[in-house]
(Lines give C-alpha, C1' and ligand atoms only; values in the text may rest on other atoms or scores of the structure.)
Protein backbone atom coordinates (compact mmCIF):
# COMPACT_ATOMS: atom_id res chain seq x y z
CA UNK A 1 0.00 0.00 0.00
CA UNK A 2 3.00 2.26 0.59
CA UNK A 3 3.67 2.14 -3.15
CA UNK A 4 0.15 3.38 -3.90
CA UNK A 5 0.50 6.27 -1.49
CA UNK A 6 3.94 7.04 -2.92
CA UNK A 7 2.61 7.31 -6.46
CA UNK A 8 -0.25 9.54 -5.27
CA UNK A 9 2.05 11.80 -3.29
CA UNK A 10 4.41 11.90 -6.28
CA UNK A 11 2.16 14.51 -7.86
CA UNK A 12 3.53 17.04 -5.33
CA UNK A 13 7.04 16.51 -6.71
CA UNK A 14 5.93 17.81 -10.08
CA UNK A 15 6.69 21.33 -11.13
CA UNK A 16 4.09 23.82 -9.93
CA UNK A 17 1.91 21.21 -8.26
CA UNK A 18 2.76 22.28 -4.71
CA UNK A 19 1.54 25.78 -5.52
CA UNK A 20 -1.55 24.35 -7.18
CA UNK A 21 -2.07 22.11 -4.14
CA UNK A 22 -1.86 24.99 -1.67
CA UNK A 23 -3.30 27.69 -3.91
CA UNK A 24 -6.90 27.44 -2.68
CA UNK A 25 -5.72 27.59 0.93
CA UNK A 26 -3.41 30.55 0.29
CA UNK A 27 -6.08 32.46 -1.63
CA UNK A 28 -8.66 31.71 1.07
CA UNK A 29 -6.33 33.04 3.76
CA UNK A 30 -5.50 36.19 1.78
CA UNK A 31 -9.23 36.90 1.35
CA UNK A 32 -9.80 36.02 5.00
CA UNK A 33 -7.33 38.65 6.11
CA UNK A 34 -9.87 41.28 5.01
CA UNK A 35 -12.59 39.70 7.17
CA UNK A 36 -10.87 39.31 10.51
CA UNK A 37 -13.85 38.31 12.63
CA UNK A 38 -15.54 35.11 13.81
CA UNK A 39 -17.55 34.71 10.59
CA UNK A 40 -14.49 35.24 8.46
CA UNK A 41 -12.52 32.69 10.44
CA UNK A 42 -15.36 30.20 10.19
CA UNK A 43 -15.64 30.76 6.45
CA UNK A 44 -11.96 30.04 5.94
CA UNK A 45 -11.29 27.30 8.50
CA UNK A 46 -14.61 25.50 8.40
CA UNK A 47 -15.46 25.83 4.74
CA UNK A 48 -12.88 27.13 2.25
CA UNK A 49 -9.78 25.22 3.31
CA UNK A 50 -11.48 21.84 3.90
CA UNK A 51 -13.26 22.08 0.53
CA UNK A 52 -10.06 23.01 -1.30
CA UNK A 53 -7.94 20.51 0.64
CA UNK A 54 -10.10 17.50 -0.07
CA UNK A 55 -10.42 18.20 -3.79
CA UNK A 56 -6.78 17.76 -4.73
CA UNK A 57 -7.02 14.00 -5.01
CA UNK A 58 -9.12 14.65 -8.11
CA UNK A 59 -5.99 15.94 -9.89
CA UNK A 60 -4.14 12.74 -8.99
CA UNK A 61 -6.98 10.55 -10.22
CA UNK A 62 -7.37 12.51 -13.43
CA UNK A 63 -3.69 12.06 -14.25
CA UNK A 64 -4.04 8.33 -13.62
CA UNK A 65 -7.12 8.06 -15.80
CA UNK A 66 -5.12 9.63 -18.62
CA UNK A 67 -2.57 6.79 -18.55
CA UNK A 68 -5.07 4.11 -17.51
CA UNK A 69 -2.93 3.54 -14.46
CA UNK A 70 -5.67 1.49 -12.76
CA UNK A 71 -4.74 -1.36 -15.09
CA UNK A 72 -1.17 -1.31 -13.82
CA UNK A 73 -2.20 -0.90 -10.20
CA UNK A 74 -4.49 -3.93 -10.32
CA UNK A 75 -1.68 -6.07 -11.72
CA UNK A 76 0.46 -5.18 -8.68
CA UNK A 77 0.43 -7.44 -5.62
CA UNK A 78 -2.15 -5.33 -3.82
CA UNK A 79 -5.79 -6.03 -3.12
CA UNK A 80 -8.65 -3.88 -4.36
CA UNK A 81 -9.35 -3.01 -0.71
CA UNK A 82 -5.82 -1.63 -0.39
CA UNK A 83 -6.19 0.38 -3.61
CA UNK A 84 -9.34 2.10 -2.35
CA UNK A 85 -7.96 2.52 1.18
CA UNK A 86 -4.75 4.07 -0.19
CA UNK A 87 -6.82 6.70 -1.99
CA UNK A 88 -8.55 7.57 1.26
CA UNK A 89 -5.24 7.81 3.10
CA UNK A 90 -3.78 10.07 0.40
CA UNK A 91 -6.86 12.27 0.61
CA UNK A 92 -6.44 12.47 4.40
CA UNK A 93 -2.80 13.48 3.99
CA UNK A 94 -3.66 16.16 1.42
CA UNK A 95 -6.43 17.49 3.65
CA UNK A 96 -4.34 17.49 6.82
CA UNK A 97 -1.49 19.43 5.19
CA UNK A 98 -4.03 22.13 4.33
CA UNK A 99 -5.65 21.92 7.73
CA UNK A 100 -2.29 22.42 9.39
CA UNK A 101 -2.11 25.80 7.66
CA UNK A 102 -5.71 26.40 8.74
CA UNK A 103 -4.70 25.68 12.33
CA UNK A 104 -1.92 28.26 12.20
CA UNK A 105 -4.40 30.75 10.73
CA UNK A 106 -6.91 29.99 13.47
CA UNK A 107 -4.26 30.37 16.18
CA UNK A 108 -3.32 33.73 14.70
CA UNK A 109 -6.91 34.81 15.42
CA UNK A 110 -6.37 33.81 19.05
CA UNK A 111 -2.90 35.04 19.86
CA UNK A 112 -2.14 37.65 17.23
CA UNK A 113 -5.42 39.45 16.61
CA UNK A 114 -7.30 38.39 19.79
CA UNK A 115 -10.56 37.87 17.90
CA UNK A 116 -11.65 34.51 19.33
CA UNK A 117 -10.70 32.37 22.29
CA UNK A 118 -8.58 29.26 21.91
CA UNK A 119 -11.65 27.05 22.59
CA UNK A 120 -13.63 28.60 19.77
CA UNK A 121 -10.68 28.55 17.35
CA UNK A 122 -10.00 24.88 18.04
CA UNK A 123 -13.67 23.98 17.82
CA UNK A 124 -13.96 25.66 14.42
CA UNK A 125 -10.79 23.91 13.28
CA UNK A 126 -12.09 20.51 14.40
CA UNK A 127 -15.39 21.18 12.61
CA UNK A 128 -13.33 22.02 9.52
CA UNK A 129 -11.37 18.77 9.81
CA UNK A 130 -14.57 16.77 10.23
CA UNK A 131 -16.20 18.53 7.28
CA UNK A 132 -13.08 17.78 5.22
CA UNK A 133 -13.27 14.09 6.13
CA UNK A 134 -16.98 14.08 5.37
CA UNK A 135 -16.33 15.63 1.95
CA UNK A 136 -13.57 13.08 1.26
CA UNK A 137 -16.15 10.38 1.88
CA UNK A 138 -18.63 11.92 -0.54
CA UNK A 139 -16.00 12.74 -3.18
CA UNK A 140 -14.62 9.24 -3.08
CA UNK A 141 -17.97 7.80 -4.13
CA UNK A 142 -18.23 10.41 -6.89
CA UNK A 143 -14.73 9.75 -8.25
CA UNK A 144 -15.07 5.96 -8.14
CA UNK A 145 -18.53 6.02 -9.59
CA UNK A 146 -18.20 8.67 -12.29
CA UNK A 147 -14.43 9.00 -12.73
CA UNK A 148 -12.24 11.95 -11.84
CA UNK A 149 -13.73 14.36 -14.37
CA UNK A 150 -17.44 13.69 -14.02
CA UNK A 151 -16.97 13.05 -10.32
CA UNK A 152 -15.97 16.68 -9.99
CA UNK A 153 -19.61 17.62 -10.66
CA UNK A 154 -20.62 15.73 -7.56
CA UNK A 155 -17.84 17.57 -5.73
CA UNK A 156 -19.23 20.90 -6.97
CA UNK A 157 -22.75 19.94 -5.86
CA UNK A 158 -21.35 19.14 -2.42
CA UNK A 159 -19.49 22.46 -2.37
CA UNK A 160 -22.72 24.27 -3.26
CA UNK A 161 -24.62 22.48 -0.51
CA UNK A 162 -21.85 23.25 1.99
CA UNK A 163 -22.11 26.94 1.17
CA UNK A 164 -25.87 26.84 1.70
CA UNK A 165 -25.38 25.07 5.04
CA UNK A 166 -22.76 27.67 6.01
CA UNK A 167 -25.12 30.50 5.19
CA UNK A 168 -27.93 28.88 7.15
CA UNK A 169 -25.81 28.13 10.18
CA UNK A 170 -23.57 31.14 10.38
CA UNK A 171 -25.80 33.85 9.00
CA UNK A 172 -29.25 32.51 9.80
CA UNK A 173 -28.51 31.40 13.33
CA UNK A 174 -26.78 32.92 16.28
CA UNK A 175 -23.28 31.51 16.08
CA UNK A 176 -22.58 32.11 19.75
CA UNK A 177 -25.68 30.07 20.62
CA UNK A 178 -24.65 27.33 18.20
CA UNK A 179 -21.18 27.10 19.67
CA UNK A 180 -22.56 27.22 23.21
CA UNK A 181 -24.10 23.78 22.60
CA UNK A 182 -20.87 22.60 24.16
CA UNK A 183 -17.75 21.70 22.29
CA UNK A 184 -17.81 18.10 23.53
CA UNK A 185 -21.33 17.47 22.25
CA UNK A 186 -20.61 19.16 18.93
CA UNK A 187 -17.36 17.23 18.61
CA UNK A 188 -19.04 13.90 19.38
CA UNK A 189 -21.93 14.50 16.97
CA UNK A 190 -19.48 15.54 14.26
CA UNK A 191 -17.19 12.57 14.90
CA UNK A 192 -19.96 9.98 14.77
CA UNK A 193 -21.46 11.51 11.65
CA UNK A 194 -18.08 11.74 9.89
CA UNK A 195 -16.87 8.27 10.84
CA UNK A 196 -20.15 6.79 9.67
CA UNK A 197 -19.88 8.66 6.37
CA UNK A 198 -16.30 7.49 5.87
CA UNK A 199 -17.19 3.88 6.60
CA UNK A 200 -20.15 3.92 4.23
CA UNK A 201 -18.12 5.75 1.60
CA UNK A 202 -15.26 3.25 1.83
CA UNK A 203 -17.53 0.26 1.34
CA UNK A 204 -19.54 1.92 -1.43
CA UNK A 205 -16.31 3.01 -3.20
CA UNK A 206 -14.90 -0.49 -2.85
CA UNK A 207 -18.09 -2.03 -4.22
CA UNK A 208 -18.03 0.37 -7.19
CA UNK A 209 -14.34 -0.36 -7.81
CA UNK A 210 -14.89 -4.12 -7.60
CA UNK A 211 -17.87 -3.96 -9.94
CA UNK A 212 -15.87 -1.88 -12.40
CA UNK A 213 -13.33 -4.68 -12.58
CA UNK A 214 -15.54 -7.75 -12.53
CA UNK B 1 4.78 -31.59 -17.03
CA UNK B 2 5.00 -29.03 -14.27
CA UNK B 3 2.59 -26.17 -14.98
CA UNK B 4 3.30 -22.61 -14.00
CA UNK B 5 -0.11 -21.33 -15.18
CA UNK B 6 -3.28 -23.27 -15.72
CA UNK B 7 -6.72 -22.06 -16.78
CA UNK B 8 -9.50 -24.61 -16.45
CA UNK B 9 -12.78 -24.12 -18.30
CA UNK B 10 -12.83 -20.37 -17.82
CA UNK B 11 -15.99 -18.67 -19.06
CA UNK B 12 -16.86 -15.01 -19.22
CA UNK B 13 -19.87 -13.41 -20.84
CA UNK B 14 -20.35 -9.86 -22.04
CA UNK B 15 -23.28 -8.42 -23.93
CA UNK B 16 -21.61 -8.96 -27.28
CA UNK B 17 -18.85 -11.47 -26.59
CA UNK B 18 -18.32 -14.74 -24.81
CA UNK B 19 -15.21 -16.53 -23.64
CA UNK B 20 -16.16 -20.18 -23.89
CA UNK B 21 -14.60 -22.84 -21.68
CA UNK B 22 -11.06 -21.66 -22.10
CA UNK B 23 -8.43 -24.10 -20.87
CA UNK B 24 -4.83 -23.08 -21.22
CA UNK B 25 -1.53 -24.19 -19.76
CA UNK B 26 1.94 -22.72 -19.51
CA UNK B 27 4.48 -25.41 -18.55
CA UNK B 28 7.67 -24.42 -16.74
CA UNK B 29 10.54 -23.44 -19.00
CA UNK B 30 8.32 -22.66 -21.97
CA UNK B 31 6.91 -19.76 -23.92
CA UNK B 32 3.27 -20.09 -24.88
CA UNK B 33 2.08 -17.88 -27.68
CA UNK B 34 -1.56 -16.87 -27.60
CA UNK B 35 -2.66 -15.88 -31.07
CA UNK B 36 -5.88 -14.69 -32.57
CA UNK B 37 -7.30 -11.75 -34.46
CA UNK B 38 -8.29 -8.52 -32.68
CA UNK B 39 -11.29 -9.14 -30.46
CA UNK B 40 -10.75 -12.90 -30.36
CA UNK B 41 -10.41 -12.87 -26.58
CA UNK B 42 -6.65 -12.75 -25.95
CA UNK B 43 -6.71 -9.65 -23.77
CA UNK B 44 -9.85 -10.87 -22.00
CA UNK B 45 -7.96 -13.98 -20.94
CA UNK B 46 -5.04 -11.91 -19.68
CA UNK B 47 -7.34 -9.46 -17.93
CA UNK B 48 -9.00 -12.37 -16.16
CA UNK B 49 -5.66 -13.82 -15.05
CA UNK B 50 -4.54 -10.52 -13.55
CA UNK B 51 -7.90 -9.71 -11.95
CA UNK B 52 -9.01 -6.82 -14.15
CA UNK B 53 -12.00 -8.99 -14.99
CA UNK B 54 -13.61 -11.72 -12.98
CA UNK B 55 -14.43 -15.04 -14.60
CA UNK B 56 -18.06 -16.23 -14.51
CA UNK B 57 -16.90 -19.79 -13.99
CA UNK B 58 -13.77 -21.89 -14.18
CA UNK B 59 -10.53 -21.89 -12.24
CA UNK B 60 -7.12 -20.30 -12.56
CA UNK B 61 -4.05 -21.83 -10.99
CA UNK B 62 -0.69 -20.11 -10.87
CA UNK B 63 2.25 -21.97 -9.31
CA UNK B 64 -0.35 -24.65 -8.36
CA UNK B 65 -2.22 -22.17 -6.19
CA UNK B 66 -5.73 -20.93 -6.82
CA UNK B 67 -5.35 -17.41 -8.19
CA UNK B 68 -8.49 -16.04 -6.58
CA UNK B 69 -7.60 -17.36 -3.14
CA UNK B 70 -3.96 -16.23 -3.12
CA UNK B 71 -4.05 -13.34 -5.59
CA UNK B 72 -1.88 -10.88 -3.68
CA UNK B 73 0.77 -13.45 -2.86
CA UNK B 74 0.85 -14.91 -6.37
CA UNK B 75 1.19 -11.49 -8.00
CA UNK B 76 4.53 -11.05 -6.24
CA UNK B 77 5.87 -13.59 -8.74
CA UNK B 78 4.08 -12.39 -11.87
CA UNK B 79 5.25 -9.72 -14.25
CA UNK B 80 2.71 -8.21 -16.65
CA UNK B 81 3.58 -6.02 -19.59
CA UNK B 82 0.94 -4.43 -21.78
CA UNK B 83 1.09 -2.84 -25.20
CA UNK B 84 1.38 0.58 -23.59
CA UNK B 85 3.18 1.93 -20.56
CA UNK B 86 0.74 2.91 -17.81
CA UNK B 87 3.05 4.78 -15.47
CA UNK B 88 2.54 8.43 -14.64
CA UNK B 89 3.99 10.43 -17.54
CA UNK B 90 5.94 12.59 -15.10
CA UNK B 91 7.71 9.61 -13.54
CA UNK B 92 11.42 9.22 -14.13
CA UNK B 93 13.27 5.92 -14.18
CA UNK B 94 14.08 6.22 -10.48
CA UNK B 95 10.46 6.96 -9.54
CA UNK B 96 9.27 3.78 -11.22
CA UNK B 97 12.00 1.89 -9.34
CA UNK B 98 11.11 3.54 -6.05
CA UNK B 99 7.42 2.76 -6.41
CA UNK B 100 7.95 -0.87 -7.37
CA UNK B 101 10.54 -1.37 -4.62
CA UNK B 102 7.78 -0.53 -2.14
CA UNK B 103 5.48 -3.22 -3.47
CA UNK B 104 7.67 -6.16 -4.59
CA UNK B 105 9.56 -7.93 -1.83
CA UNK B 106 12.05 -9.36 -4.38
CA UNK B 107 12.78 -6.01 -5.94
CA UNK B 108 16.36 -5.94 -7.21
CA UNK B 109 17.51 -2.36 -7.69
CA UNK B 110 20.89 -3.42 -9.09
CA UNK B 111 19.24 -5.58 -11.72
CA UNK B 112 16.90 -2.70 -12.56
CA UNK B 113 19.79 -0.31 -13.10
CA UNK B 114 21.55 -3.02 -15.09
CA UNK B 115 18.56 -3.28 -17.46
CA UNK B 116 18.21 0.51 -17.65
CA UNK B 117 21.85 0.72 -18.74
CA UNK B 118 21.53 -2.24 -21.10
CA UNK B 119 18.52 -0.57 -22.75
CA UNK B 120 20.34 2.80 -22.72
CA UNK B 121 17.40 4.58 -21.13
CA UNK B 122 17.90 8.16 -19.92
CA UNK B 123 17.75 8.33 -16.14
CA UNK B 124 16.88 11.98 -15.80
CA UNK B 125 14.10 12.36 -18.31
CA UNK B 126 10.44 12.02 -17.44
CA UNK B 127 8.43 9.38 -19.29
CA UNK B 128 6.61 11.94 -21.42
CA UNK B 129 9.96 12.56 -23.14
CA UNK B 130 10.43 8.83 -23.87
CA UNK B 131 9.63 7.27 -27.22
CA UNK B 132 7.19 4.35 -27.34
CA UNK B 133 10.10 1.91 -27.63
CA UNK B 134 11.88 3.45 -24.63
CA UNK B 135 8.73 3.25 -22.54
CA UNK B 136 8.27 -0.41 -23.40
CA UNK B 137 11.90 -1.11 -22.56
CA UNK B 138 11.34 0.55 -19.20
CA UNK B 139 8.31 -1.69 -18.60
CA UNK B 140 10.42 -4.76 -19.40
CA UNK B 141 13.22 -3.53 -17.10
CA UNK B 142 10.72 -2.92 -14.30
CA UNK B 143 8.93 -6.24 -14.65
CA UNK B 144 12.11 -8.30 -14.91
CA UNK B 145 13.68 -6.64 -11.87
CA UNK B 146 11.40 -8.18 -9.27
CA UNK B 147 12.40 -11.68 -10.37
CA UNK B 148 8.99 -12.91 -11.51
CA UNK B 149 8.52 -16.58 -12.26
CA UNK B 150 5.76 -15.97 -14.78
CA UNK B 151 5.76 -13.22 -17.38
CA UNK B 152 2.57 -12.26 -19.17
CA UNK B 153 2.88 -10.08 -22.24
CA UNK B 154 -0.24 -8.56 -23.75
CA UNK B 155 0.75 -7.40 -27.24
CA UNK B 156 3.82 -5.95 -25.54
CA UNK B 157 6.01 -6.15 -28.62
CA UNK B 158 3.47 -4.75 -31.06
CA UNK B 159 4.64 -1.13 -31.13
CA UNK B 160 8.35 -1.83 -31.17
CA UNK B 161 10.75 -1.51 -34.05
CA UNK B 162 12.37 -4.77 -35.27
CA UNK B 163 15.68 -4.08 -33.52
CA UNK B 164 14.16 -3.46 -30.09
CA UNK B 165 11.82 -6.41 -30.64
CA UNK B 166 14.70 -8.69 -31.39
CA UNK B 167 16.51 -7.53 -28.24
CA UNK B 168 13.40 -8.16 -26.15
CA UNK B 169 12.86 -11.61 -27.64
CA UNK B 170 16.44 -12.46 -26.74
CA UNK B 171 15.79 -11.42 -23.13
CA UNK B 172 12.64 -13.55 -23.03
CA UNK B 173 14.61 -16.57 -24.17
CA UNK B 174 17.20 -15.91 -21.44
CA UNK B 175 14.33 -15.65 -18.96
CA UNK B 176 13.05 -19.19 -19.47
CA UNK B 177 16.45 -20.82 -19.85
CA UNK B 178 16.62 -22.11 -16.26
CA UNK B 179 13.41 -24.14 -16.78
CA UNK B 180 11.84 -22.55 -13.71
CA UNK B 181 10.14 -19.67 -15.47
CA UNK B 182 7.35 -19.42 -18.00
CA UNK B 183 5.94 -16.85 -20.40
CA UNK B 184 2.46 -16.33 -21.81
CA UNK B 185 2.68 -13.98 -24.74
CA UNK B 186 -0.33 -12.71 -26.61
CA UNK B 187 0.49 -11.29 -29.98
CA UNK B 188 -0.78 -10.94 -33.47
CA UNK B 189 2.77 -10.51 -34.74
CA UNK B 190 3.20 -14.14 -35.57
CA UNK B 191 6.81 -13.72 -36.70
CA UNK B 192 7.75 -13.03 -33.05
CA UNK B 193 6.17 -16.28 -32.02
CA UNK B 194 7.91 -18.11 -34.85
CA UNK B 195 11.15 -17.09 -33.19
CA UNK B 196 10.45 -17.93 -29.56
CA UNK B 197 7.23 -19.84 -28.89
CA UNK B 198 7.31 -23.44 -27.69
CA UNK B 199 3.53 -23.77 -27.76
CA UNK B 200 0.90 -22.00 -29.78
CA UNK B 201 -2.66 -21.55 -28.59
CA UNK B 202 -5.04 -20.18 -31.15
CA UNK B 203 -8.19 -18.44 -30.01
CA UNK B 204 -11.05 -17.38 -32.24
CA UNK B 205 -14.38 -15.85 -31.18
CA UNK B 206 -13.62 -16.57 -27.53
CA UNK B 207 -12.92 -20.24 -28.13
CA UNK B 208 -9.61 -22.08 -28.10
CA UNK B 209 -9.39 -23.80 -31.47
CA UNK B 210 -5.93 -25.21 -31.24
CA UNK B 211 -3.08 -25.80 -28.82
CA UNK B 212 0.04 -27.45 -30.22
CA UNK B 213 3.76 -27.35 -29.79
CA UNK B 214 5.43 -25.03 -32.23
CA UNK B 215 7.40 -27.96 -33.61
CA UNK B 216 4.24 -29.96 -34.28
CA UNK B 217 2.74 -27.05 -36.13
CA UNK B 218 5.91 -26.44 -38.04
CA UNK B 219 6.38 -30.09 -38.99
CA UNK B 220 2.83 -31.32 -39.49
CA UNK B 221 0.73 -28.51 -40.87
CA UNK B 222 0.86 -27.81 -44.57
CA UNK B 223 -0.68 -25.61 -47.19
CA UNK B 224 -1.73 -27.16 -50.46
CA UNK B 225 -2.32 -24.91 -53.44
CA UNK B 226 -4.33 -26.62 -56.12
CA UNK B 227 -7.01 -26.31 -58.74
CA UNK B 228 -10.67 -27.20 -58.34
CA UNK B 229 -10.35 -30.76 -59.65
CA UNK B 230 -7.64 -31.76 -57.25
CA UNK B 231 -9.42 -29.96 -54.43
CA UNK B 232 -12.56 -31.97 -55.07
CA UNK B 233 -10.52 -35.18 -55.01
CA UNK B 234 -8.94 -34.41 -51.64
CA UNK B 235 -10.41 -36.31 -48.64
CA UNK B 236 -12.51 -33.67 -46.88
CA UNK B 237 -12.19 -35.27 -43.46
CA UNK B 238 -8.46 -34.65 -43.55
CA UNK B 239 -8.73 -30.98 -44.47
CA UNK B 240 -8.69 -28.46 -41.61
CA UNK B 241 -9.80 -25.46 -43.64
CA UNK B 242 -9.73 -24.17 -47.18
CA UNK B 243 -10.03 -20.92 -49.01
CA UNK B 244 -11.07 -20.38 -52.59
CA UNK B 245 -8.94 -17.72 -54.17
CA UNK B 246 -9.13 -16.20 -57.61
CA UNK B 247 -7.17 -18.89 -59.47
CA UNK B 248 -6.64 -21.64 -56.91
CA UNK B 249 -7.72 -23.31 -53.73
CA UNK B 250 -5.61 -22.93 -50.63
CA UNK B 251 -6.02 -25.91 -48.33
CA UNK B 252 -4.76 -26.29 -44.76
CA UNK B 253 -3.97 -29.83 -43.67
CA UNK B 254 -2.56 -31.03 -40.38
CA UNK B 255 -0.88 -34.20 -41.66
CA UNK B 256 1.40 -32.80 -44.33
CA UNK B 257 3.60 -35.89 -44.56
CA UNK B 258 0.66 -38.27 -45.14
CA UNK B 259 -0.53 -36.07 -47.99
CA UNK B 260 2.93 -35.95 -49.46
CA UNK B 261 3.05 -39.74 -49.58
CA UNK B 262 -0.32 -40.07 -51.27
CA UNK B 263 -0.24 -37.01 -53.52
CA UNK B 264 3.32 -37.00 -54.66
CA UNK B 265 2.73 -34.47 -57.43
CA UNK B 266 1.24 -31.90 -55.08
CA UNK B 267 3.31 -29.02 -53.79
CA UNK B 268 2.70 -28.83 -50.06
CA UNK B 269 4.35 -25.92 -48.22
CA UNK B 270 4.98 -25.86 -44.51
CA UNK B 271 2.26 -23.76 -42.89
CA UNK B 272 3.34 -20.78 -40.84
CA UNK B 273 1.44 -19.64 -37.75
CA UNK B 274 0.07 -16.81 -39.83
CA UNK B 275 -1.19 -19.25 -42.48
CA UNK B 276 -3.00 -21.25 -39.83
CA UNK B 277 -4.52 -18.15 -38.28
CA UNK B 278 -5.68 -16.83 -41.64
CA UNK B 279 -7.11 -20.14 -42.77
CA UNK B 280 -9.03 -20.61 -39.53
CA UNK B 281 -10.40 -17.09 -39.55
CA UNK B 282 -10.92 -16.35 -43.23
CA UNK B 283 -11.17 -19.81 -44.68
CA UNK B 284 -13.96 -22.37 -44.59
CA UNK B 285 -13.48 -24.88 -41.78
CA UNK B 286 -14.32 -28.45 -42.69
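Please find, among B:143, B:110, the residue that is crowded, with 21+ Cβ neighbours inside 10 Å and out of contact with any helix residue (DSSP H, G or I) (no Cβ under 8 Å at 6 or more places or on another chain).
B:143
Pull up region B:17-50, narrow it to residues that are assigned to a helix (DSSP H, G or I) and in contact with a strand residue (DSSP E or B) (Cβ under 7 Å, 6 or more places away or on another chain), then point me to the one that is farthest from residue A:78 (Cα to Cα). Reasoning before the result, please.
Initial filter on region B:17-50 (assigned to a helix (DSSP H, G or I)): B:42-50.
Among the residues that remain, those that are also in contact with a strand residue (DSSP E or B) (Cβ under 7 Å, 6 or more places away or on another chain) are: B:42-46, B:48-50.
Working: B:42: 24, B:43: 21, B:44: 20, B:45: 20, B:46: 17, B:48: 16, B:49: 15, B:50: 11 Å.
Restricting to residues being assigned to a helix (DSSP H, G or I) and in contact with a strand residue (DSSP E or B) (Cβ under 7 Å, 6 or more places away or on another chain), the top hit is B:42.
I'm checking my understanding of the structure. Among residues of region B:93-113 that are assigned to a helix (DSSP H, G or I) and under 26 Å from the mean Cα position of the chain (by Cα), which one is nearest to residue A:76 (Cα to Cα)?
Start the filter on region B:93-113 by keeping residues that are assigned to a helix (DSSP H, G or I), which leaves B:93-101, B:109-113.
Still in the running and under 26 Å from the mean Cα position of the chain (by Cα): B:96, B:100, B:111-112.
Working: B:96: 13, B:100: 9, B:111: 19, B:112: 17 Å.
Once the filter is applied, the top-ranked residue is B:100.
Name, by its number, the condition in (1) in contact with a strand residue (DSSP E or B) (Cβ under 8 Å, 6 or more places away or on another chain); (2) closer than 21 Å to residue A:214 by Cβ that does not hold for residue B:64.
Here residue B:64 meets the rest and fails (2).
Could you please find all residues in region B:72-102 being facing another protein chain (nearest Cβ under 10 Å) and touching a residue at least 60 places away in the same chain (Cβ under 8 Å)?
B:76, B:77, B:78, B:79, B:80, B:81, B:82, B:84
Mind checking whether some residue in region B:251-267 is more than 26 Å from the chain's Cα centre (by Cα) and crowded, with 19+ Cβ neighbours inside 10 Å?
Yes.
Could you tell me whether region B:124-137 includes any residue that is over 21 Å from residue B:91 (Cβ atoms) and in a loop (DSSP other than H, G, I, E, B)? Before the answer, list the steps.
To start, the set of residues in region B:124-137 that are over 21 Å from residue B:91 (Cβ atoms) comprises none.
No, region B:124-137 contains no residue that is over 21 Å from residue B:91 (Cβ atoms) and in a loop (DSSP other than H, G, I, E, B).
What tally of residues in region B:138-163 results from selecting those that are assigned to a helix (DSSP H, G or I) and in contact (Cβ under 8 Å) with a residue 12 or more places away in the chain?
So the answer is 7.
Give the residues of region B:15-40 that are modelled with pLDDT of 90 or more and either surrounded by fewer than 21 Cβ atoms within 10 Å (Cβ to Cβ) or over 16 Å from residue B:193 (Cα atoms) (or both), sorted by residue number.
B:17, B:18, B:19, B:20, B:21, B:22, B:23, B:24, B:25, B:27, B:28, B:29
Go through region B:173-186 and give me each residue that's crowded, with 23+ Cβ neighbours inside 10 Å and farther than 16 Å from residue B:77 by Cα.
B:185, B:186
Out of B:69, B:117, report the one residue that is more than 20 Å from residue B:154 (Cβ to Cβ), outside any strand (DSSP E or B), more than 14 Å from chain A (Cβ to nearest Cβ) and out of contact with any strand residue (DSSP E or B) (no Cβ under 9 Å at 6 or more places or on another chain). Working first, answer last.
Details: B:69 fails: more than 14 Å from chain A (Cβ to nearest Cβ).
Going through B:69, B:117 in turn, just one is more than 20 Å from residue B:154 (Cβ to Cβ), outside any strand (DSSP E or B), more than 14 Å from chain A (Cβ to nearest Cβ) and out of contact with any strand residue (DSSP E or B) (no Cβ under 9 Å at 6 or more places or on another chain): B:117.
I'm checking my understanding of the structure. Among residues of region A:15-60 that are buried (at least 16 other Cβ atoms within 10 Å of the Cβ) and outside any helix (DSSP H, G or I), which one is farthest from the other protein chains (Cβ to nearest Cβ)?
A:55
The values are calculated or read from the model by the stated rules, or taken from the named source; none is laboratory data. Note that the structure is a prediction, hence the values are computed from the model and not measured. Here Cβ is always computed from backbone atoms with ideal geometry, including for glycine, and neighbour counts include all displayed protein chains.
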